[in-house]
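Below is one structure, written out as structure tokens; comments come after it.
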Amino acid sequence: MTHLQAGLSPETLEKAKVELKENPDTLHQDIQEVRDMIITRPDIGFLRTDDAFILRFLRARKFNHFEAFRLLAQYFEYRQQNLDMFKNLKATDPGIKQALKDGFPGVLSNLDRYGRKILVLFAANWDQSRYTFVDILRAILLSLEAMIEDPELQVNGFVLIIDWSNFTFKQASKLTPSMLRLAIEGLQDSFPARFGGIHFVNQPWYIHALYTVIRPFLKDKTRKRIFMHGNNLNSLHQLLLPEILPSELGGMLPPYDMGTWARTLLDHAYDEETDYCPESYTLSVKDLEKDLSPKTMKRSQSVVEPGVLKRPEKVKSEEENMQPLLSLD
């Protein structure tokens, strides 16, 4: 075991070896091969290239050197293309702070049975008068940056639960296709995290409509890991034990304290008052309304035109919308 694996438990070391093809004897060589590819992209400013940093990209792509480098390049390219998003990317930034305090994201204390960290989003908590969707995305990215420092999570990954209870049509109307694509680019294509499952619960019909819009931009691997549970929490509990979930999700634990993760990141700054108006945060129209680059997104043959959400003639039953989890790695 090299010093780069020092933070891993014996069980996780074995998992890294079996599932990710991580070999301590060739680890430094693997990292160097990815680093050597940097000269092929002089258009990108690679601001960090140390061993520990590159290793997280190798783990995210199961030590496929080319795929790991492509993810590394997209990580920095996404930041170059969306400079405003990453200005003052700190927990104390007013918009990020407001989002964090409302539980965007929430982070459960217990891991799932596969050692994955569980993130929860209670969508109805979004106070659109105080912060934007971009602020929420910034808060999530900042949180992931903090958590991905843990080598155990680099190997084991994350699970995301989004509870859409009481999420209104008015709130949903602010989730424009361009905003959702921005999130997909940032989380699916440009961040070295392994997401083992994305679970929707209590989703109304208009969330199904939004999913139809973004589905063409999701990779097959991502689509297979999205589960539409509706109000059938028993199906959620088949994958995530109720013993580790809060009562809002049908679990055995007390209701989730939305400020838990915010207090972790903010520490003494949690209770400081901040005046913030979401209009004061501006992300350029060019960034939000741009067409997706073929480097980071691949359109399907049938493109869904963005527009006003319309009620579908028939909403599929929860059983029909439920998708099997084909892989837990």
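For this structure, a couple of remarks:
- Residues of region 161-171 that are aliphatic (A, V, I, L, M) and surrounded by fewer than 22 Cβ atoms within 10 Å (Cβ to Cβ): ILE162 alone.
- Residues in region 178-208 that are open to solvent by 20 Å² or more (accessible area, probe 1.4 Å) and over 17 Å from the mean Cα position of the chain (by Cα) were compared, and the one that is nearest to LEU249 (Cα to Cα) is ASN202.
- Candidates in region 254-269 are the residues that are over 28 Å from ALA60 (Cβ atoms) and touching a residue at least 24 places away in the same chain (Cβ under 8 Å); of these, the one that is most open to solvent (accessible area, probe 1.4 Å) is MET258.
- In this structure, HIS28 qualifies as closer than 22 Å to ASP150 by Cα and open to solvent by 60 Å² or more (accessible area, probe 1.4 Å).
- Pairs meeting the criteria (first residue in region 22-46 and without any contact (Cβ under 8 Å) to a residue 40 or more places away in the chain and within 12 Å of GLU77 (Cα to Cα), second residue among the β-branched types (Val, Ile, Thr) and outside any loop (DSSP other than H, G, I, E, B), beta carbons under 9 Å, at least 6 apart or on different chains) are ILE44/ILE38; PHE46/ILE38.
- Residues of region 193-215 include none that is under 23 Å from ASP267 (Cα atoms) and outside the structural domain of GLU19 (by the TED database).
- If only residues of region 62-82 that are free of Cβ contacts under 8 Å to residues at least 60 places away in the same chain and assigned to a loop (DSSP other than H, G, I, E, B) are counted, the one that is least open to solvent (accessible area, probe 1.4 Å) is PHE63.
- Taking the criterion of being of a type in the set (Gly, Ala, Ser), surrounded by fewer than 16 Cβ atoms within 10 Å (Cβ to Cβ) and under 20 Å from ASN166 (Cβ atoms), the residues of region 100-135 that qualify are ALA124, SER129.
- Here ARG35, ARG48, ARG59 are screened, and the one residue that is among the basic types (Lys, Arg) and assigned to a loop (DSSP other than H, G, I, E, B) is ARG48.
- Residues within region 136-160 that are in a strand (DSSP E or B) and either open to solvent by 10 Å² or more (accessible area, probe 1.4 Å) or within 14 Å of ILE96 (Cα to Cα) (or both), tallied: 1
- Within region 1-25, tally of residues that are in a helix (DSSP H, G or I), in contact with a helix residue (DSSP H, G or I) (Cβ under 9 Å, 6 or more places away or on another chain) and more than 14 Å from PRO151 (Cβ to Cβ): 1
- Residues located in region 218-232, provided they are assigned to a helix (DSSP H, G or I) and open to solvent by 40 Å² or more (accessible area, probe 1.4 Å): ASP220, LYS221, ARG223
- MET85 meets all of the listed conditions (1) of a type outside the set (Gly, Ala, Ser); (2) under 19 Å from the mean Cα position of the chain (by Cα); (3) closer than 30 Å to GLY259 by Cα; (4) in a loop (DSSP other than H, G, I, E, B) but one, namely (4).
- Test: residue in region 92-99 that is open to solvent by 10 Å² or more (accessible area, probe 1.4 Å) and either within 28 Å of GLN238 (Cβ to Cβ) or touching a Lys or Arg at 6+ places or on another chain (Cβ under 7 Å) (or both): yes
The values are calculated or read from the model by the stated rules, or taken from the named source; none is laboratory data. Note that this is a predicted model, so its numbers are computed, not measured. Every residue, glycine among them, receives a Cβ derived from its backbone with ideal geometry; neighbour counts consider all protein chains shown. With ligands, DNA and RNA removed, areas are computed over all heavy atoms of the protein, side chains included. Shrake-Rupley method; radii C 1.70, N 1.55, O 1.52, S 1.80 Å.
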